[in-house]
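**Q** I'd like to ask some things about the structure below.
Computed from the coordinates by the stated procedures, all read-outs in this text should not be read as laboratory data. Owing to the predicted nature of the structure, the values given are computational and were not obtained by experimental measurement. Backbone-built Cβ (ideal geometry, glycine too); neighbour counts: all protein chains shown.
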Amino acid sequence: MIAIAAHAKGLAIGKKGKLPWHVPEDLRFFKQTTQRYENVVFGRTTFDSFEGMKLPGRNMYLLSQTSEAYECAGQFNSIEDVVEFSLHNDIVIGGGAKVYESFERYIKQFYITRIHKHIEGCDAFLFDYTRSFKCSEVILETADFSIELWVPKCN
């Protein structure tokens with residue numbers, strides 16, 4: 001299982017249900033990476049942030065215990081359901097904060113974009129992945145951001 005996330009300094013990943021930055025290179029990397037895996041799993045808040053927009057070439061799945069109907073490829077009610085699905089299907093965990101943390105022990109590759117600035121007013125934060133993951137590759141580095149691949153420290 002892989003995951004993909006972007007964060008600013010302080011592990012900030014969201015502000016009022018939106019990305020609090022616009023980095024076109026990160027969006028391109030997200031698109032290229034998730035298209036290789038076909039199935040992307042989001043929590044409800046992150047899923048809602050797409051405001052009905054589809055991700056071409058990818059199946060968007062919702063992880064939520066809500067009974068509300070959503071227009072998506074499918075809905076998982078539990079982490080266990082996602083793990084079971086991942087045994088026979090390639091998936092990417094696409095957020096948000098609670099979802100990333102819930103799948104920490106299952107993630108084998110974690111693509112991280114680090115935005116090199118502090119953003120005020122953020123209200124969603126990534127768990128401290130540096131406790132259990134190590135950087136294995138710097139894919140792209142600029143003065144404003146870096147895109148890296150992190151793997152579990154136990155490997």
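**Q** In the calculated pair distance distribution of the chain, what percentage of Cα-Cα distances lie above 24 Å?
**A** 28 percent
**Q** Please compute one quarter of the surface area of the Cα convex hull for the stretch 29-116 and express it in square nanometres.
**A** 6.1 nm²
**Q** Something else: Taking 8 Å as the Cα distance limit and 6 or more residues as the minimum spacing, I'd like the relative contact order of the stretch 2-152 as a percentage.
**A** 34 percent
**Q** Further question on the same structure: Run the helix sum for the chain: -39,500 (n - 2.57) per DSSP H stretch of 4+ residues, divided by residue count, reported at 222 nm to the nearest 500 deg cm²/dmol.
**A** Theoretical 222 nm ellipticity from helices: -6000 deg cm²/dmol.
**Q** Next question. Give, as ranges by residue number, the residues of the stretch 74-117 whose backbone N falls under 18 Å from the point 7 Å along Cα→Cβ of residue 144.
**A** 113-117
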